[in-house]
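Here the structure comes first, spelled out in structure tokens, and everything after it is commentary.
The values are calculated or read from the model by the stated rules, or taken from the named source; none is laboratory data. Every value quoted in this text rests on a predicted model; they were computed, and no experiment measured them. Counting neighbours? That spans all protein chains shown, and the Cβs are built from the backbone with ideal geometry, glycine included. Surface areas here come from the heavy atoms of the whole protein model, side chains and all, with no ligands, DNA or RNA. Shrake-Rupley method; radii C 1.70, N 1.55, O 1.52, S 1.80 Å.
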Amino acid sequence: MKSGCVSREGKKQRSIELPVFQNPPVQESGIRKSRTTRWRVAALIILNLLMIAHIIQWRIMGNTISPIEPSETMSTLQQGAINAGFIFFALAILATLIFGRFVCGWGCHIVALQDFCAWMLKKVGLTPKAFRSRLLVYVPLIGALYMFVWPTVYRVFSSPEQGALVPKFTNHLVTSTFWETFPSVSVAVPFLFVCGFMTVYFLGSKGFCTYACPYGGFFSIADKLSPGKIRVTDACNQCGHCTATCTSNVLVHAEVKQYGMVIDPDCMKCMDCISVCPNDALYFGFGKPAVAIPKSNATKKSYSLTWPEEIIGAVVFLGSFLAVRGVYELVPFLMALGCATITTFLTLKTWRLLRAKELSFYRFDLKSSGRIRKAGWGFLSFAVVWIGLNAHSGWVRYHEYEGDSAFQKIHIPDELALAQSNPSPWLSQIDRENIIDGKKHFQAASNVGLFVNSEALSKLAWFEYLSGDAEQSVRLLGQAAPHQQGQAKALSLYYRGTILNRLGRYEQARTSLDQALAERADLILAREEKGESLWQLGRKGEAISVWSDAVQRNARIVLANNQLAGAAALLGRSEEAIAYEKQADQFTPDDPFYHWMIGLRLQNLGMNELAEKHFQRAIQLDPGFQARRKVGPQ
Ligand code: SF4
Ligand code: SF4
Ligand code: SF4
């Protein structure tokens, strides 16, 4: 393509001279095959096999090294949890600062997927064409700042007293909950399809890396600073084979001519260009980093969009991202970025399809002589369905967001609400309004939703419980749990078990609490409740053993110590009772609501003497609680 060519849409586009495609063109078959590709493929296959082996080892042994995944760095920055993902990401950035972006080219499973997809497309005669946007290239960096910098800034400024810049570090290198931070398989498969395949088909061989991957945002900055670069000797004759081979859309021949090296941070050091160069003019070597080189206009890339389209594209991207991110509690951040890039491409291409006289995509004529062709109708149909699904997700997400905002505004502490079967008298006017509002939005979301949003169901269950419909709450939590995993599932089952206890359905409560503990053995609240179910069922010895287990896991746990004290007192073991009571008192916060909650829980168990002590302490701390004795729930 020659400089200043006219595209099929009739728009003048900037380009740079690429001799390999000059007239008469050198066929791609005239370019020698890259010998490094097979090594890179081998490295990526080994990487994927190691990932599978890691999962199998965890499934067999129950414990393993925490996920070697850069996103885990978020919990290091937020909570100080040092994990394998953080160490890997830190080392990868350090390596990139020295050698350039090798980790991307040789050590990323998403790049393996993208390369596999590009290879498959080529097999059917479709060569992915790069979609070039000036604005969307900033998405990875913005995504990286949002993921890795914003949480720390927010923590420090939202709570200056507690939010230290450097959190207190704890060791999380080994884990038994390996999959906890990953999506379920039913989400992982579409995630890989969208990020590894669709982005390649629509946006080019490295579509996800260029427009979506937040890790790439940091890697490309590190690459700019790195002295390790693809460099050139005098043997270069500007044949263009290197550029034609590069799947990262780097203008290799132009950059090496202008700068003596590849400065484009999209270069993933795959080494293909070195391997295919007929004059062996390229090599990997150290020298000045890209930032130290003044930029020239001679190597400017052509772009797929006009400036107005860029701006519309940015707005569409943002809208689509907000619409799909977290919808149904299913779409994770990276997948939302991938979806938004595709929505942006489809919207802008559809816009052109409707306006241009001629338009093609790959080898397909979408429109010619002003008429939309068969392929065009196919493209249009797909685009309408995709964009329509985005808009629908946006509607559902809006209701989920509003429902969640109402949920966040509820003031009544969970423990107090759960201490009796009807917490209604404890609700403030604001709580009541938020419950009505939240229910309305969650119900609207679930009426039109295409999938079950298990988290929204759990929150709706909480609204139902607070508004006095404990039965409906139990039903909703029962529906939510099968769609959840890990901690979320354990919590739904715990709340369900607790509410069943309050309803007097102790056997069902025990089953639900056992299921919660099977998910998360460290959920001490579930042990306290399970002890309560067993006590009510008359299995007092088992109840005491469950409470003792809770106390052994955490000696500072107040309720279980009180439950053990009450049990010992009822069984006539007064010394034991005094010891547990002392232990509990040491850690009981001087909060009237807390004392009242403990009093209610002990009263449920018939431990009235100890319950009375806590009611009296609550009244002492806040005389207003005296009135609760007459009107409040008992
Ligand atoms: S930019 Fe992201 S997806 Fe692409 S290779 Fe690098 S880490 Fe992998
Ligand atoms: S570096 Fe090699 S492949 Fe690239 S333009 Fe020069 S001679 Fe051709
Ligand atoms: S410039 Fe060369 S090393 Fe870099 S991505 Fe392209 S082909 Fe690979």
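Over the chain, give the accessible area per residue in Å² for a 1.4 Å probe, as an integer. Before the final figure, lay out the partial values.
Working: 30490 Å² over 634 residues.
Ligands and nucleic acids excluded, the figure is 48 Å² per residue.
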(request) May I ask you to list the lysines whose Cα is less than 26 Å away from that of K489, ignoring any residue fewer than eight positions away on the same chain? (result) K409, K439, K440, K459, K530
(request) For D431, D590, write out the residues from largest to smallest accessible area, computed with a 1.4 angstrom probe and no ligands counted. (result) D590, D431
(message) Can you give me the angle between helix 36-61 and the longest principal axis of the chain, using Cα atoms only, in degrees from 0 to 90, rounded to the nearest 10?
(response) 10 degrees
(request) Take each of the peptides 522-529, 377-384, average the number of other beta-carbon atoms within 10 Å over its residues, and list them starting from the highest. (result) 522-529, 377-384
(request) Step through the table entries K224/K300; K206/K374; K224/K269; K224/K301; K33/K367; K269/K300, compare each Cα-Cα distance with 24 Å, and write down the pairs that go over it. (result) K206/K374; K33/K367
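How much of the accessible area of segment 426-544, in percent, comes from carbon and sulfur atoms when a 1.4 Å probe is used? Please report the intermediate quantities before stating the final value.
Working: 2450 of 4870 Å².
Solvent-exposed carbon and sulfur of segment 426-544 make up 50 percent of the total.
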(request) Report, in degrees rounded to the nearest 10, the 0 to 90 angle that the Cα long axis of helix 506-519 makes with the longest principal axis of the chain. (result) 40 degrees
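Could you work out the local net charge near G80, counting Lys and Arg as +1, Asp and Glu as -1, over the other residues with Cβ closer than 11 Å to its Cβ? Before the final figure, lay out the partial values.
Working: positive: R155, K168; negative: none.
Taking every other residue near G80 into account, the sum is +2.
Rounded to the nearest 500, what is the 222 nm mean residue ellipticity of the chain from helices alone, with -39500 (n - 2.57) per DSSP H run of 4+ residues and division by all residues?
Details: 30 runs with 375 residues, N = 634.
Using -39500 (n - 2.57) per qualifying helix, the result is -18500 deg cm²/dmol.
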(message) I'd like the carbon and sulfur percentage of the solvent accessible area for segment 37-163, probe radius 1.4 Å, heavy atoms only, ligands and nucleic acids excluded.
(response) 74 percent
(request) For segment 224-328, run through the trypsin sites (Lys or Arg not before Pro) and keep only the ones in DSSP coil with at most 12 other Cβ atoms within 10 Å of their Cβ. (result) K295
(request) Could you check how many percent of all C-alpha pairs in the chain are farther apart than 44 Å? (result) 36 percent
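Any idea what the relative contact order of the chain is, in percent, if you count C-alpha pairs under 8 Å spaced at least 6 apart?
Numbers: 1006 pairs, mean separation 65.5, N = 634.
Averaging sequence separation for qualifying contacts and normalising by length gives 10 percent for the chain.
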(message) If packing is taken as the average number of other Cβ atoms within 10 Å across a peptide's residues, how do 338-350, 126-138 rank, most packed first?
(response) 338-350, 126-138
(request) For an R0 of 45 angstrom, estimate the FRET efficiency from the Cβ-Cβ distance between L571 and V448 and round to the nearest 0.05. (result) 0.20
(request) Could you give the size of the charge dipole of the chain about its Cα centre, using +1 on the Cβ of each K and R and -1 on the Cβ of each D and E, expressed in debye and rounded to the nearest 20? (result) 3140 debye
(message) With a cut-off of 8 Å between alpha carbons and a minimum separation of six or more residues, what is the relative contact order of segment 537-634 in percent?
(response) 20 percent
(request) Take the alpha-carbon centre of segment 370-396, take the same for segment 491-538, and report the distance between them in whole Å. (result) 49 Å
(request) Roll a 1.4 angstrom probe over the protein heavy atoms and tell me the percent of accessible area of segment 175-318 that is carbon or sulfur. (result) 65 percent
(request) For the chain, find the longest principal axis of its Cα atoms and tell me its angle to the long axis of helix 558-570, 0 to 90°, nearest 10. (result) 30 degrees
